[in-house]
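So the structure is just underneath, and the comments pick up after that.
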Amino acid sequence: MPENRPAVPRGLRRALFVEAGHRCAIPTCRATPVELAHIVPWAKVREHTFENMIVLCPNCHTRFDRGEIDRLSMLEYKAQLKRISRTGADEKTRSERVRILETHGAFQTVIEIWWREIYSVSLAYLDLEETQSTIEETRSTYVEEFRHRAEEARALLEDFTRSGSTDMARAAEEVIDAMQQWADAAIEGIWPSSHIDAYTYYEDDVDRPLSSLQSCVYEYLGIGREDFSPSIQQGRD
């Protein structure tokens, strides 16, 4: 290397090698070991740039320098690497979108099951034929179920958190906190009572953040917003 030619920065070297998969960029070759080459010669550009550099094996590099592989071909090989990289990024984005959509669906299902379990506890209090021992048995059974449901919901919350959307994570956490308070009230026998209306509580403390979560998911996925009618509002009679 000429004395006045600076070394290729480490970060740039790494990016170029990653782009090519640490193999020769020419599709019919893909050999190793590899080295860096300038598409337009260093002598003309006198700089190291990602757009003008490519990874080649020593044999292909020599053939390129000799003119056996022309510059237009090398530019096309570079363009192919960019297309492959872009496709990979698109696939990753699609995968992330699917994951969030599946997480949202699973979260709604958990909340729906949780609601039905809370309602089951309430029926024990409302049924005049239930004995105290039966009520206690029902309560003890659902204490564990509620704990399990909260764990499921919080595991899904981690997916919302990893997405980087604080709005999604915050809305999901509000839903979980409201459901946990409602479950605790049912276990302690505070609900049902004359001063706690299930439907009002649901609409005010659960439906609001649940609707907000749906809006945040739609915004994250870049799809149109629709009226949200949570499935757990159905079949409660």
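The values are calculated or read from the model by the stated rules, or taken from the named source; none is laboratory data. Keep in mind the model is a prediction, meaning the values are calculated, not measured. Counting neighbours? That spans all protein chains shown, and the Cβs are built from the backbone with ideal geometry, glycine included. For accessibility, only protein heavy atoms count, side chains too; no ligands or nucleic acids. Shrake-Rupley method; radii C 1.70, N 1.55, O 1.52, S 1.80 Å.
Below, the figures for the structure above:
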| read-out | value |
| --- | --- |
| Under 18 Å from the A31 label point (7 Å along Cα→beta-carbon), backbone N, the range 50-82 | 54-70, 74 |
| With every protein chain in place, the range 1-120: carbon and sulfur % of accessible area (1.4 Å) | 52 |
| T49/L101 FRET efficiency (R0 35 Å; Cβ-Cβ; nearest 0.05) | 0.35 |
| Cα shape, the range 1-74, gyration tensor, a/c 1.5 rule | oblate |
| Estimated distance in nm for a label pair at H22 and R154, the labels positioned 7 Å out from Cα along Cα-to-Cβ | 4.0 |
| Relative packing of 46-57, 144-155, which averages over residues the other C-beta atoms within 10 Å, highest first | 46-57, 144-155 |
